[in-house]
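Enquirer: Sharing a structure, written as structure tokens. Questions coming.
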Amino acid sequence: MDANSKKAVLLLGHGSKAPDANDTLRKVAVAVKKAGGYGEVLPAFLQMEEPDFQEGVGRLVSRGFKEITVMPYFLYPGLHVTQDIPAEIEKALLDHAGLKISFAKWLGFHDKLIDITLERIVEAHPKEISAPALQQHPIEEESFRLIGTELDESRMPPLELPIVKRVIHTTADFEFKEILCFSKGAIEAGIDAIRAGRPIIADVRMVEAGIMRYRLDPFGVKLYCFSSDKDVEAMAKEENITKTAASMRKATRLLEGSIVAIGNAPTALFELLRLIKAGASRPALVIGVPVGFVGAAEAKGELVKSGINHIATIGRKGGSTVAVAIVNALAIEASQVAVK
């Protein structure tokens, strides 16, 4: 059993008289529970909606949870975060003997929030604002400059360079310069697929969540990840396969001309290759970078030998963040090509 399944999260919002505003927090709670594997993620509110803080804690305690993380769904460390919530926590600890409460940091400033903000801006003004016009953050710009000083850029193929640099930026691991493997024409195929608005299919939610949607929206690209779907879970159980492998089966109808980004699950890559070999539609590009000790190197080895357009890592290294970095690099290159 996952250790997180024994823990509960109290996702705490302000509360509003507008039902839709409160429903947003409830949707976030459902998604966090699914993604994090927690035993319960309960939305609660400081005011104007139920349950309030103490009632929420009471419900979780009554369900047998002894460890609760309070996550303040607030942007700023105002009085609610710095005074009201700590007071509520103190009261809850007095009322429930043996209870342990952890207080998570508020949302605050985070690079992913910048991505979301930019995405919303692009959605609001699709004609006036385009992704290529967005400026690189100064810290990111300096990071890429430092990476460039350590790479012998003159010896690297120009198309591969921005992808390698973004992966190194994500991982702080220069070994990826040596272990990233590109089939002939793979980068061009990925850029063309994005510009044509073809779908991107991810093996896990972490990959889906990390991709910069605002870079893809101008091209009409849709992201898909089926690994948490109920029907996929049922299929996996019935067929005695992993959920990520089952998710590739569900994605079959979308494969033609798509980009498939696999960063976590070797079984997903094995299944994708089996489907293609059996006659399923052929993706434009497979990004195969699952990480791990069991099957990861073998699955990527099969991909490299398959004849399918691919970007892969050799050996055990890789991961969801690497897959995300590659997709984002392709999206940026597609944007730049689009305005030349």
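Every residue, every condition in (1) touching a residue at least 24 places away in the same chain (Cβ under 8 Å); (2) of a type outside the set (K, R); (3) in contact with a Lys or Arg (Cβ under 9 Å, 6 or more places away or on another chain); (4) surrounded by 15 or more Cβ atoms within 10 Å (Cβ to Cβ), yes or no:
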| site | (1), (2), (3), (4) |
| --- | --- |
| A234 | no, yes, no, no |
| E239 | no, yes, yes, no |
| L255 | yes, yes, yes, yes |
| L273 | yes, yes, no, yes |
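Enquirer: Hey, another quick one. Consider S281 against the criteria (1) out of contact with any Asp or Glu (no Cβ under 7 Å at 6 or more places or on another chain); (2) closer than 23 Å to A196 by Cβ; (3) assigned to a loop (DSSP other than H, G, I, E, B): it satisfies all of them except one. Which criterion is unmet?
Expert: Only one criterion in (1) out of contact with any Asp or Glu (no Cβ under 7 Å at 6 or more places or on another chain); (2) closer than 23 Å to A196 by Cβ; (3) assigned to a loop (DSSP other than H, G, I, E, B) is unmet by S281, namely (1).
Enquirer: Inside the range 98-115, can you point out the residues that are among the β-branched types (V, I, T) and within 30 Å of R213 (Cα to Cα)?
Expert: I114
Enquirer: From the list V294, V286, pick out the single residue that is assigned by TED's automatic domain parsing to the domain that holds R213, within 16 Å of A245 (Cα to Cα), crowded, with 24+ Cβ neighbours inside 10 Å and touching a helix residue (DSSP H, G or I) at 6+ places or on another chain (Cβ under 9 Å).
Expert: Matching residue, one of V294, V286: V286.
Enquirer: Residue check, A35 against (1) in contact (Cβ under 8 Å) with a residue 60 or more places away in the chain; (2) crowded, with 17+ Cβ neighbours inside 10 Å; (3) among the aliphatic types (A, V, I, L, M), all met but one. Which one?
Expert: With (1) in contact (Cβ under 8 Å) with a residue 60 or more places away in the chain; (2) crowded, with 17+ Cβ neighbours inside 10 Å; (3) among the aliphatic types (A, V, I, L, M) applied to A35, the lone miss is (2).
Enquirer: I've got another one for you. Of all the residues that make up the range 300-340, how many are assigned to a helix (DSSP H, G or I) and either surrounded by 24 or more Cβ atoms within 10 Å (Cβ to Cβ) or in contact (Cβ under 8 Å) with a residue 40 or more places away in the chain (or both)?
Expert: 22
The values are calculated or read from the model by the stated rules, or taken from the named source; none is laboratory data. Just so it is clear, the structure is predicted and the values come from calculations on it, not from any experiment. In this analysis, Cβ positions are derived from the backbone assuming ideal geometry, glycine residues included, and neighbour counts consider all displayed protein chains.
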